[in-house]
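Colleague: Before we start, here is the structure in question, set down as structure tokens.
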Amino acid sequence: MAVFNFGSINIDHVYSVPHFVQPGETLSSSSYQSILGGKGANQSVALAKANNNVFHVGAIGSSDSGFIEQMKEAGVNCEFIREMSDVASGHAIIQVTPDAENNIILFGGANQCISDDHIASALATAKPNDWVLLQNETNAIDKIITEAHKRQLHIAFNPAPMTESVKQLPLDKLTLLVVNEVEAEQLTGENDVEAIKRSLKSNYPNTKVLLTLGKAGVWFFEADNEEFCAAFKVKAVDTTAAGDTFIGFFLAAYQANKSIAEALKYACAASALAVMKAGAAPSIPSVDEVIAFLQ
Ligand code: ADP
């Protein structure tokens, strides 16, 4: 089974600075890195590394095609990534201070240019039981959910970063909703886990939910069933892409008909390995590393 991931591709421009730039100040950076990022690209890489067939559907500025090569090398099928000559790639300007604080300016660029014919051409190749995966860094989320639902595909949505507009989306059409604690609080208006679970179960009774709780672990729940999996105790170095890794490995295991308990444990192991390494996509482990960790 394949996953069609309608997702962002960002170029992360990362600058090391002694402190965040102040109003009117010009500050020199002691280092600069340009790294493949975006929740969409990270989740496609996680799925590919989990040996799942994944088509990334998205767009990038034509001068940045080196990032498509990186995704291909990770095993992502890139035939539905459009290169646009007249639009800048989505990108993030990230300042990182010595105490590892960061602040970020995000520009959507090409990620906001998914057109109706782009959606139609990708979905035309999807087969029954394939999945559509979405995050909240691209345009046309409503349309993609509606079109995927019409074709009876499974739909997984990770509303990150959360915005008010998410509440207007047809979330009752989702097979799987994946939220961290902050996103869940913003979506439901509740601030404890039991109340969040009650709210999501009653509002979306046909949707399965993954509620990730960082180093505490994760809840899986649906109307009449719930399971918890504790996170592995590891020394976290960088939690970037923990959630993206979790989603990729959970979906891969779930599609391979593993039990929920097995899929949760497998995804917790993969994301524990990801937090032990610096970076986003480069920190996502291989299947062999996850299997070795679980032994
Ligand atoms: P997000 O990155 O979307 O905010 P979370 O922080 O909830 O998501 O993390 C997703 C999953 O990654 C968690 O459910 C957990 O399994 C794993 N994880 C995150 N942080 C840690 C940590 N410090 N130690 C071990 N596992 C972690």
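The values are calculated or read from the model by the stated rules, or taken from the named source; none is laboratory data. For clarity, every value in this text was computed on a predicted model and none was experimentally measured. When we count neighbours, we look across all protein chains shown, and the Cβ atoms used for this are built from the backbone with ideal geometry, even at glycine. With ligands, DNA and RNA removed, areas are computed over all heavy atoms of the protein, side chains included. Shrake-Rupley method; radii C 1.70, N 1.55, O 1.52, S 1.80 Å.
Colleague: Among the candidates VAL178, VAL132, single out the residue that is outside any helix (DSSP H, G or I), within 14 Å of the ligand (Cβ to nearest atom) and open to solvent by less than 60 Å² (accessible area, probe 1.4 Å).
Modeller: Working: VAL132 fails: within 14 Å of the ligand (Cβ to nearest atom).
It is VAL178.
Colleague: Which residue pairs have Cβ atoms closer than 8 Å, lie 6 or more positions apart in sequence or on different chains, and pair a first residue in segment 141-158 that is more than 12 Å from ALA126 (Cα to Cα) with a second residue that is among the acidic types (Asp, Glu) and not in a helix (DSSP H, G or I)?
Modeller: none
Colleague: Would you mind telling me which numbered condition in (1) within 21 Å of the chain's Cα centre (by Cα); (2) closer than 21 Å to ALA50 by Cα; (3) more than 13 Å from the ligand (Cβ to nearest atom) SER259 fails?
Modeller: Unmet condition: (1).
Colleague: Need a quick list: strands (runs of 3 or more DSSP E) entirely within segment 186-243 having at least 2 residues that are aliphatic (A, V, I, L, M).
Modeller: Details: elements: 208-212, 217-222, 225-230.
Because the criterion is at least 2 residues that are aliphatic (A, V, I, L, M), the strands (runs of 3 or more DSSP E) in segment 186-243 that meet it are 208-212.
Colleague: Condition first: open to solvent by less than 10 Å² (accessible area, probe 1.4 Å), modelled with pLDDT under 95 and either on the phi < 0 side of the Ramachandran plot or more than 16 Å from the ligand (Cβ to nearest atom) (or both). Can you find one or more residues in segment 209-227 that meet it? So that I can check it myself, show each step before the final result.
Modeller: Just the residues of segment 209-227 that are open to solvent by less than 10 Å² (accessible area, probe 1.4 Å), to begin with: 209-211, 217-218, 220-221.
Add one more test, that the residue is modelled with pLDDT under 95, and what stays is none.
For segment 209-227, residues open to solvent by less than 10 Å² (accessible area, probe 1.4 Å), modelled with pLDDT under 95 and either on the phi < 0 side of the Ramachandran plot or more than 16 Å from the ligand (Cβ to nearest atom) (or both): absent.
Colleague: Being crowded, with 19+ Cβ neighbours inside 10 Å, within 17 Å of the chain's Cα centre (by Cα) and acidic (Asp, Glu) is true for just one of ASP238, ASP244. Which residue is that? Reasoning before the result, please.
Modeller: On the way: ASP238 fails: crowded, with 19+ Cβ neighbours inside 10 Å.
Going through ASP238, ASP244 in turn, the sole match is ASP244.
Colleague: Being open to solvent by 50 Å² or more (accessible area, probe 1.4 Å) and closer than 28 Å to ASN136 by Cβ is the filter here; which residues of segment 1-31 pass it?
Modeller: Correct list: MET1, TYR15, PHE20, VAL21.
Colleague: Quick check: is even one residue across segment 99-108 surrounded by 13 or more Cβ atoms within 10 Å (Cβ to Cβ), touching a strand residue (DSSP E or B) at 6+ places or on another chain (Cβ under 8 Å) and within 23 Å of LYS49 (Cβ to Cβ)?
Modeller: No, segment 99-108 contains no residue that is surrounded by 13 or more Cβ atoms within 10 Å (Cβ to Cβ), touching a strand residue (DSSP E or B) at 6+ places or on another chain (Cβ under 8 Å) and within 23 Å of LYS49 (Cβ to Cβ).
Colleague: Out of the residues in segment 49-78 that are in contact (Cβ under 8 Å) with a residue 60 or more places away in the chain and part of a helix (DSSP H, G or I), which is nearest to PHE6 (Cα to Cα)?
Modeller: Of everything passing the filter in segment 49-78, MET71 is nearest to PHE6 (Cα to Cα).
Colleague: I'd like the residue in segment 99-121 that is touching a residue at least 40 places away in the same chain (Cβ under 8 Å) and part of a helix (DSSP H, G or I) and, out of all such residues, is farthest from PHE6 (Cα to Cα).
Modeller: So, considering only residues that are touching a residue at least 40 places away in the same chain (Cβ under 8 Å) and part of a helix (DSSP H, G or I), the one farthest from PHE6 (Cα to Cα) is GLY109.
Colleague: Which members of segment 262-295 meet the condition of being within 15 Å of the ligand (Cβ to nearest atom), open to solvent by 60 Å² or more (accessible area, probe 1.4 Å) and not in a helix (DSSP H, G or I)?
Modeller: Going through segment 262-295, the residues within 15 Å of the ligand (Cβ to nearest atom) turn out to be 262-281, 283-285, 289-290, 293-294.
Among the residues that remain, those that are also open to solvent by 60 Å² or more (accessible area, probe 1.4 Å) are: 262, 265, 276-278, 289, 293-294.
Matches in segment 262-295: MET276, LYS277, ALA278.
Colleague: If ALA124 meets every condition in (1) touching a residue at least 24 places away in the same chain (Cβ under 8 Å); (2) more than 19 Å from ILE60 (Cα to Cα) apart from one, which number is that one?
Modeller: (1)
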